[in-house]
Amino acid sequence: MDLRTYLRHLDYFVLAAAAGLLVYGVAMIYFATRHDALPSPIYYARYQVIYAAVGIGALLVLSLVDYEHYRRWQWPLFAFVLVSIAAVFALGPVTRGSRRWISLSFVNFQPSELALVILTVTLAAFLADRLPAIGQRRITLFALLYMAVPAALVFAQPDLGTAMVFVVLTLTLLLFYGTPWTHFAALVAAAVALAALVLTVLPMAGIRIVHSYQMQRLFVFLHPGHDLQSSGYNLTQSLIAVGSGAFSGRGNQATQTVLDFLPEHHTDFIFAVIGERYGFVGAAVLLALFVVLIWRALRIATISRDLYGSMIAGCIAAIFLFEVFVNIGMTIGIMPITGIPLPFISYGGAALITDLMLVGLLESVHLRGRLAGSGG
């Protein structure tokens, strides 16, 4: 593919939305952390720019590679996911009670984030290779098992948020694959039964699968006024920050952020920083960028040259939609706190690079779909 063809068939709406979110994210990380006790006011913002540069490089590479190649490498890639996630338990340091990263000489590698990209292309490939089996229960069950193994490993780290994204990823691929609605109804019933078992029956028997802090988060979600100085502190401060921003925000008078009342203000609760500093207007601009990105991802799913590309694009749209909904929802009290970052906005190299890799996959699907449609 020559450069002119490549540039002519890119989806510039996707690139513009991603670029806008990148700039927004770096700016908000700077405003959230410039008053923190750091070596420099731009300490976190500078690193986020470096992560963005690496992610943009990955985006370009993935957009140039025909996504069809991943079908041939689906099983080696899946094996790499399992080995890398399992390696965290042996090689990863304990940070805040969990093991999620492998410390390399130049970066902290988080296998569960890369797994989102790899599972998207490998599980989609598995389903796309079995089109004659659409509607068969064994395919649905195997797809769930395919996801359940890495999801269980991630949950054991523990990282409930990313494990939930794995579930959404799988259900979206099954939806685009054409799985009958009866299968989804059975899955909903099974999920309700499993939740009842894990949250009520097993604890009564002295078996606790869900960690105590995760139960506390769920309890605070159901009872927002509970323990305002401890388990309910994060949510309370987030609600104060978002509410005080009103319509146009408080600008440099955003005291919840400046005076460090708002916890994790550059990671999990960065939307509360946006709400306090820029109010409804700033939040609306952010959501508009996400709407454009998700809309274009769904459109790419409709113009893909094959079902495999459609499943990849649809899955990426669902991942972004789910992460945005859960992250923003937890800052305003309509979702439990899970630690899922806000795509492109929350500080963190692994998550940002993964987001940009997903954009690269979208461009790869768009490019091949456009080329197939134009015959060029």
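Summary of values
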item: Helix-only [θ]222 nm of the chain, DSSP H runs n ≥ 4, -39500 (n - 2.57) each, per residue, nearest 500; result: -23000 deg cm²/dmol
item: Cβ crowding within 10 Å averaged over residues, with 46-58, 266-278 ranked highest first; result: 266-278, 46-58
item: Descending semi-axes in Å of the range 270-350, equivalent ellipsoid built from Cα gyration tensor; result: 27, 14, 10
item: Percent of alpha-carbon pairs separated by more than 18 Å within the range 194-284; result: 53 percent
item: Amide H partners (placed H, <5 Å) of R305, local residues excluded; result: G369
item: Cα centroid separation, the range 37-66 to the range 161-205 (Å); result: 34 Å
item: Charge dipole (the range 27-150, unit charges on Cβ, about Cα centre) - positive-most of Q48, Q136, V65; result: Q136
item: Kirkwood estimate for the chain, i.e. one over the average of 1/r between Cα atoms, Å; result: 21.7 Å
item: Shape category assigned to the range 1-130 from the gyration tensor of Cα positions, a/c cut at 1.5; result: oblate
item: Size of electric dipole in the chain: Cβ of Lys, Arg +1 and of Asp, Glu -1, about Cα centre, debye, nearest 20; result: 480 debye
item: Cβ-defined net charge surrounding A124, 15 Å radius [Lys, Arg +1; Asp, Glu -1]; result: +1
item: At R0 = 35 Å, FRET efficiency that the Cβ-Cβ distance of T200 and A79 yields, to 0.05; result: 0.45
item: Förster radius 30 Å - calculated FRET efficiency between F261 and W295 (Cβ-Cβ, nearest 0.05); result: 0.25
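Here, each number is a calculation from the coordinates, and none is a lab measurement. Note that the structure is predicted; figures quoted are calculated from it, not measured. Every residue, glycine as well, gets a Cβ built from its backbone with ideal geometry; the counts of neighbours run over all protein chains shown.
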